[in-house]
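S.K.: My questions all concern the structure below.
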Amino acid sequence: MSDSNNISIVVPVFNPGETWHDWLEAVGSQSARFFTKVVIDSSSTDGCVGECTEYGFDVIVIPTDDFDHGTTRQLALKYVKESDVVVFLTQDAILSDSDSIRSLVKSFEDERVAIVYGRQLPRRNAAPIEAHARLFNYPDEGHVYGIEDKDLYGLKAAFNSNSFSAYRVSVLKKIGGFKAGIIFGEDMLVAANVLKSGYRVAYCHSACVYHSHDYSLKQEFQRYFDMGVMHEDQYWLLADFGKPTGEGFRFVKSELSYLLKHSPQYIPRAMFGVLMKYLGYRVGRLHKIFPLWIKRRLSMNKRYWFN
C-alpha cells in the first residue's frame, strides 16, 4: 500500500471560486503520485474545467441537479476502480504541504484500516469560533477506532470527513460504497458500515488541509437541521452507536474555555450559535411532520428536497 502509483484523487466541484487555483497548485505539488485524478463537475459556469485539464485531471461533467453527496462519490468509483486507494477532497480544502497525501495514506500500512481522514486546520484569518471548531474536532493527536470502541466513544467512533479522507477501494466495494439520497453525513454512514464490517477508521493528525467555515446563525440552524434529518431517517446509526449528546456538551465546554482565554467578546455569539444548532437539530428530527415547502426553507441542502 506504500506504492503511491495505486492512489487516485477525486474532487466534486461546482463554481469553486477564487481559491481554486490554490487548490490545484497544492495538489500539483504533492510528493505522492496519482494513478488517476478525477473532477466531477456539476456543470460549473466559472471556467474552472479548463484549468482542471491543465493540471492533468479527467473531468466528468454531470447536470447540476444530479449532484448528490453519496451518488456523486459513488459515480467517481467507476473511474478509480483500478486503484487501491481513493482520496476524496472538497473544492475548498487546500492541502497544507507537499506531503499531506503521502502522510494520509501511510495509515493503510495497517491492513485493518479501511478509512483514514486527515486534520483540518482553520483557514487563514479564521474567526475564533471557526478556529475552535477545527481545533476541537481535529486535535493534534491521531487515533484508530474499531467497532469495539463504540461503547466508550459512541457516535464519535464513526466520525469521518468528506473534505479530506482516503478509502481502501476494495472495502468500499465490499460494503456497497456510498449511499444515495442522503441529505447529510454520507461520510459517517460509510464509516459506520466499515466499522460494522470489522475494519477500522483512522485519524491522521500529520496530514493536513486548510478548511473551515464562518457560518451565520441561520446557517448553523440549517446545517444542524440537515443533521437531524439524517439521524431521523438513518436511525440505525444512533441505535448502533449511541446519541451525540455527550460530545455536544464537551464541545460547548471546550468552546467556552477557548473563548474565555482568547476572545471573550465572542462568547454571546457562540452561545446563540449553540442554541441555533440545538434548535436546528431538534426540528430536523421532527421533519416528517412538516410540509415540503417548510423543509426546503429550513434546510442548507435545499436540492435534497427537490429530488
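S.K.: Kindly provide the set of residues from the stretch 128-171 that are part of a helix (DSSP H, G or I) and among the hydroxyl-bearing types (Ser, Thr, Tyr), ordered by number.
M.R.: Residues satisfying the conditions are Tyr153, Ser170.
S.K.: Next question, about the same structure. Taking the residues in the stretch 144-158 that are closer than 19 Å to Asp110 by Cβ and surrounded by fewer than 19 Cβ atoms within 10 Å (Cβ to Cβ) as candidates, determine which candidate is nearest to the chain's Cα centre (by Cα).
M.R.: Ranking the candidates gives Val144 first.
S.K.: Residue check: is Tyr266 at pLDDT below 95, farther than 17 Å from Phe159 by Cβ and either assigned by TED's automatic domain parsing to the domain that holds Gly177 or in contact with a helix residue (DSSP H, G or I) (Cβ under 9 Å, 6 or more places away or on another chain) (or both)?
M.R.: no
S.K.: Within the bounds of the stretch 232-239, is there any residue that is over 24 Å from Ser161 (Cβ atoms) and surrounded by 12 or more Cβ atoms within 10 Å (Cβ to Cβ)?
M.R.: Checked the stretch 232-239: no residue is over 24 Å from Ser161 (Cβ atoms) and surrounded by 12 or more Cβ atoms within 10 Å (Cβ to Cβ).
S.K.: Exactly one of (1) surrounded by fewer than 18 Cβ atoms within 10 Å (Cβ to Cβ); (2) within 23 Å of Val190 (Cβ to Cβ) is unmet by Tyr304. Its number?
M.R.: (1)
S.K.: Which one of Phe221, Phe184, Phe225 is part of a loop (DSSP other than H, G, I, E, B) and not acidic (Asp, Glu)? Show your work before the answer.
M.R.: Values: Phe221 fails: part of a loop (DSSP other than H, G, I, E, B); Phe225 fails: part of a loop (DSSP other than H, G, I, E, B).
Matching residue, one of Phe221, Phe184, Phe225: Phe184.
The values are calculated or read from the model by the stated rules, or taken from the named source; none is laboratory data. Since the model is a prediction, treat every value here as computed from it, not as a measurement. When we count neighbours, we look across all protein chains shown, and the Cβ atoms used for this are built from the backbone with ideal geometry, even at glycine.
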